[in-house]
Structures are given as structure tokens and as C-alpha cells.
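*Asks:* Structure incoming, see below.
The values are calculated or read from the model by the stated rules, or taken from the named source; none is laboratory data. What you see is a predicted model, and the numbers here were worked out from it, not measured in a lab. Don't worry about glycine lacking a Cβ; one is built from the backbone with ideal geometry, like all the others, and counts go over all protein chains shown. Only protein heavy atoms, including side chains, enter the accessible area calculation; ligands, DNA and RNA are left aside. Shrake-Rupley method; radii C 1.70, N 1.55, O 1.52, S 1.80 Å.
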Amino acid sequence: MLYFIALLPPQDIQDYASEIKQHFADNYDSKHAFKSPPHITLQPPFEWDSGKLINLEEYLQKFVMGRNSIPIILDGYNAFVPRVIYIDVVKTPDLMNLQADLIAYLESNLGIVDKVGKSRGFTPHMTVAFKDLKKSKFKAAWEEFENRELHFEFAAQKLTLLKHENKKWNIAQEFKFIEGSKK
């Protein structure tokens, strides 16, 4: 089975991001982003034996133990030209450290390695259009969103494990951080 690990924003922000995804579906024929809830990927998709899921879940529970919620800032839009448009996530030290810690922890404890991520680094983002956004429509879409304003702040309260099933990503399990965040 395929899994990935992410931070999901509160429901109101998920709803907002889903409205943006719908705009891309309606106006630019890009629907692929609907295959997962709005999220910030920390560990990209990896294969894991579903028979050993309890093992993965135990390690993720240990990882979040004693960790504070993470302040997240969403600020405007950005793109990976020529196919991806996303809500930009500010690279705060807390977020960057959480992701680096998680990647190192998964590799050393479970042998989960993101080879691509090791070579290109972590760019936190919340995708609203990709894969099926045709290059020919990207330019017009990016012109519409490049300077569009957006600003949200929230505390990510949990780490989310998502599982690929029936051609979409569903929440498999959530792992709560301790309440409050360090400043």
C-alpha cells in the first residue's frame, strides 16, 4: 500500500482550499488535486506493508510524543512551472525542523527514504492544481493567481497518515501533538 504523511489545516482552511481547487477544475480542467484533502506533505508517498501498519503507527505516535503543535503561515500563491500551482507555506524554523526530524526519524527507524526529496530539499506547499493542469492552461491560470492575496495562520495540531485507496488519498490515522505551541 502507498502512504504519505502530512499536516492538514483546520476545516475552514480546507474548505477554502477546496473552493480554489474547484475553481481550477471549472476554469482550467484540472481536477487531480481533489484526490487528496488539502495538506502540507512532510513525507512523500512511500510503500508500506499494510500488515505492518500497526508498527508504522506506533513509531509515528512515538515521534509526536512531547512535540508541540506547529505554527503554520499560508501566504499567497506560488508555482512549480509549468504544471503546479499551490498555496505558499512560509518556511518557519518550526516547520522546517519538524519535517527534517520526521524524515531522519523515518529513515533511521523504519528505512523509509525519500530519495527525490534528499536531492531537492523541502518546499512546504499546499497544492491546488497539478498533474492534469495542461501546460497550455498554466500560463493563464498563473497570471490569475500569481498576485492573488491569501493569508491564514493556524497551529497544526496533529500529524496525519494518509493511505491511497480507490484512486484517492484518505486519512488512515492522526497523531496529536501536545496542546499549544512554543513561541
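*Asks:* Among the residues of segment 81-93, write down those that are within 25 Å of Gln14 (Cβ to Cβ) and either buried (at least 19 other Cβ atoms within 10 Å of the Cβ) or among the hydrophobic types (A, V, I, L, M, F, W, C) (or both).
*Replies:* Selection gives Val84, Ile85, Tyr86, Ile87, Val89, Val90.
*Asks:* Against the conditions (1) part of a helix (DSSP H, G or I); (2) surrounded by 14 or more Cβ atoms within 10 Å (Cβ to Cβ), where does Thr160 fall short? Just the number, please.
*Replies:* That leaves (1) as the condition not met.
*Asks:* Name every residue in segment 100-112 that is in contact (Cβ under 8 Å) with a residue 60 or more places away in the chain and either assigned to a loop (DSSP other than H, G, I, E, B) or open to solvent by 60 Å² or more (accessible area, probe 1.4 Å) (or both), in order of residue number.
*Replies:* If the condition is that a residue be in contact (Cβ under 8 Å) with a residue 60 or more places away in the chain and either assigned to a loop (DSSP other than H, G, I, E, B) or open to solvent by 60 Å² or more (accessible area, probe 1.4 Å) (or both), then Ile112 is the only one that fits.
*Asks:* Which residue pairs have Cβ atoms closer than 7 Å, lie 6 or more positions apart in sequence or on different chains, and pair a first residue in segment 60-86 that is more than 20 Å from Lys137 (Cα to Cα) with a second residue that is open to solvent by 20 Å² or more (accessible area, probe 1.4 Å) and among the polar types (S, T, N, Q)?
*Replies:* So the pair list comes out as Asn68/Ser181; Ser69/Gln157; Ser69/Ser181; Ile70/Ser181; Pro71/Thr92; Pro71/Ser181; Ile73/Thr92.
*Asks:* In addition: Could you grab me the full set of residues in segment 26-38 that are within 15 Å of the chain's Cα centre (by Cα) and open to solvent by less than 30 Å² (accessible area, probe 1.4 Å)?
*Replies:* Across segment 26-38, the qualifying residues are Ala33, Ser36, Pro37, Pro38.
*Asks:* Same structure again: Do we have any residue at all in segment 63-80 that's under 18 Å from Leu106 (Cα atoms) and surrounded by fewer than 16 Cβ atoms within 10 Å (Cβ to Cβ)?
*Replies:* Scanning segment 63-80 turns up at least one residue that is under 18 Å from Leu106 (Cα atoms) and surrounded by fewer than 16 Cβ atoms within 10 Å (Cβ to Cβ).
*Asks:* Check off (1) in contact (Cβ under 8 Å) with a residue 60 or more places away in the chain; (2) within 30 Å of Glu47 (Cβ to Cβ) for Thr123 and give me the number that stays unchecked.
*Replies:* Thr123 satisfies every listed condition except (1).
*Asks:* Are any residues in segment 1-56 within 18 Å of Lys134 (Cβ to Cβ) and aromatic (Phe, Trp, Tyr), and if so, which ones?
*Replies:* Answer for segment 1-56, where residues must be within 18 Å of Lys134 (Cβ to Cβ) and aromatic (Phe, Trp, Tyr): Phe24, Tyr28, Phe34.
*Asks:* If a residue has to be within 30 Å of His23 (Cα to Cα), surrounded by 15 or more Cβ atoms within 10 Å (Cβ to Cβ) and touching an Asp or Glu at 6+ places or on another chain (Cβ under 9 Å) to count, how many in segment 113-149 make the cut?
*Replies:* Of the residues in segment 113-149, 6 are within 30 Å of His23 (Cα to Cα), surrounded by 15 or more Cβ atoms within 10 Å (Cβ to Cβ) and touching an Asp or Glu at 6+ places or on another chain (Cβ under 9 Å).
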